[in-house]
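The values are calculated or read from the model by the stated rules, or taken from the named source; none is laboratory data. Predicted, not measured: the structure shown is a model, and the values here were computed from it. Cβ sites come from the backbone with ideal geometry, for glycine too, and all protein chains shown count toward neighbours.
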Amino acid sequence: MALPAHISPMGRLAHYGYLIFCGSVLLFLIAPILVIVPLSFNAAPYFTFSREMLQLDPSAFSLRWYRDIVQNGMQNPNAAFGWAYLVDSWNNAQWIHSLKNSFVIAIATTILSMLLGTLAALGLTSPGMPARGLVTSLLISPMIVPIIITSAGMYFAFSTMGLTGTFTGLIIAHTVLGTPFVVITVTATLEGFDRNLIRAGLSLGASPVRVFRSVIMPLILPGVASGGIFAFATSFDEVVAVIFLADYDQRTVPRQMWAGIREQISPTILAMATILVLLSIGLLTIVELLRRRTERMRGTTL
C-alpha cells in the first residue's frame, strides 16, 4: 500500500522502519518452525541440514523419522503392514503410548476445565458477587504463578494423598492449569450479556435449567469452546507438571520429547514436533472460526 504524498521523509522512514521491525519479530517467532519442518524429513540422523538437503537432492529426504514414531518399541517393526502391525504399534510403540496418554489426559482436562471454568465465570459475572476481584485473582493465579512452583506444591500435596504417579493426579493438575483459560474466555463472553433475557425467560414460565440451556448456553458456547481449546493445548503441551507428578506409565508426548533430548538425540523428535505444529494450526483455526461466530452473534443481538 502506497503512502500518501504528504507524508514527510521522516514519516516514511518511521513507517518502513516499523514494517522492518515487525517483519523481523515475525521471522524470529516462526524461524524455529521453518527449521524444524524440513529437518524432520532428513534422511540422515542429524539435527542439521546436510549438503544434499541444501541441494534439494531427493535422496536426502525421507519419512524415516515419521515411521519411527509408529515403530519405535514395536516387537516386530519389520512385519508387513496389516492388522497385527497396527496392534503391535498401538500396544508397544513408545511414541504411540505417549500420544495416547496425552490425548486421554488432555480430553479429560478439557471437559473438567470447561465445566468448572463455566460455573466459575457464571458466578463471577452474577450481580452482587462479593469479593469478585479477589476470587478472580485466585482463579487465574495458575497462569501467573511460575509453573515450577505450582508443580512443586502439587507434588508435595499429592504425595500425601497417593496421587503422584497416577492419571487422576495428572488430570487434576492439568485441570488446575487449564481452568483459568475457560474462566477468562467465558467471562469475556458474558460481559455483553443482557440479563433481561433471563428475566424474560423466567417470566414466561421457563425453569432455570431451561433458561440456561436455551438462552445462556447458546450465547456463551463459543467462549466455552475457545477456553476448552486453550485448556486442551495447555494440557497437551505441559511438561513440568508431568516431570513432577507422572510415572513412566503416564509419560506424555512433551515428557517423551524431553527425555529423548536428554537420553537419545533423534530426529524423531522433530517429526513429532512437526505433527504438534499441525495440531496447533488446526486448533488456532478453530479458535478463529469461533471468534468470528461470536462476533456475528453479537451483531445479531445488538
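Here's a check for you: in the stretch 244-257, which residue that is at pLDDT below 90 and either of a type in the set (Asp, Glu) or within 22 Å of residue 64 (Cβ to Cβ) (or both) is surrounded by the fewest Cβ atoms within 10 Å (Cβ to Cβ)?
249
Just checking: which of the helices (runs of 4 or more DSSP H) contained wholly in the stretch 1-80 hold 3 or more residues that are farther than 24 Å from residue 280 by Cβ?
9-39, 51-54
Confirm whether residue 274 is at pLDDT 80 or above and within 17 Å of residue 102 (Cβ to Cβ).
Yes.
Looking only at the stretch 45-74, count how many residues are among the aliphatic types (A, V, I, L, M) and in contact (Cβ under 8 Å) with a residue 24 or more places away in the chain.
Looking only at that region, the number is 2.
Look at residue 145 and say whether it is among the aliphatic types (A, V, I, L, M) and without any contact (Cβ under 8 Å) to a residue 40 or more places away in the chain.
Criteria met by residue 145.
Got a sec? Which of 286, 261 is farther than 16 Å from residue 98 by Cα and among the hydrophobic types (A, V, I, L, M, F, W, C)?
Only one candidate qualifies: 286.
Under 7 Å by Cβ, and 6 or more places apart or on different chains, what pairs join a residue from the stretch 158-174 that is more than 20 Å from residue 141 (Cβ to Cβ) with one that is among the charged types (D, E, K, R) and surrounded by fewer than 17 Cβ atoms within 10 Å (Cβ to Cβ)?
Going by the 7 Å Cβ cut-off, the qualifying pairs are 165/247.
I'd like to verify a number: residues in the stretch 121-140 that are farther than 16 Å from residue 193 by Cα, modelled with pLDDT of 85 or more and in contact with a helix residue (DSSP H, G or I) (Cβ under 8 Å, 6 or more places away or on another chain), how many?
The total comes to 4.
Out of 173, 152, 157, I need the residue that is in contact with a helix residue (DSSP H, G or I) (Cβ under 6 Å, 6 or more places away or on another chain), surrounded by 12 or more Cβ atoms within 10 Å (Cβ to Cβ) and not in a loop (DSSP other than H, G, I, E, B). Which one?
173
In the stretch 184-216, how many are without any contact (Cβ under 8 Å) to a residue 12 or more places away in the chain and part of a helix (DSSP H, G or I)?
Here the count works out to 10.
Could you list, ordered by first residue, the pairs with Cβ atoms under 8 Å in which the first is in the stretch 265-287 and outside any helix (DSSP H, G or I) and the second is of a type in the set (A, V, I, L, M), at least 6 apart or interchain?
267/39
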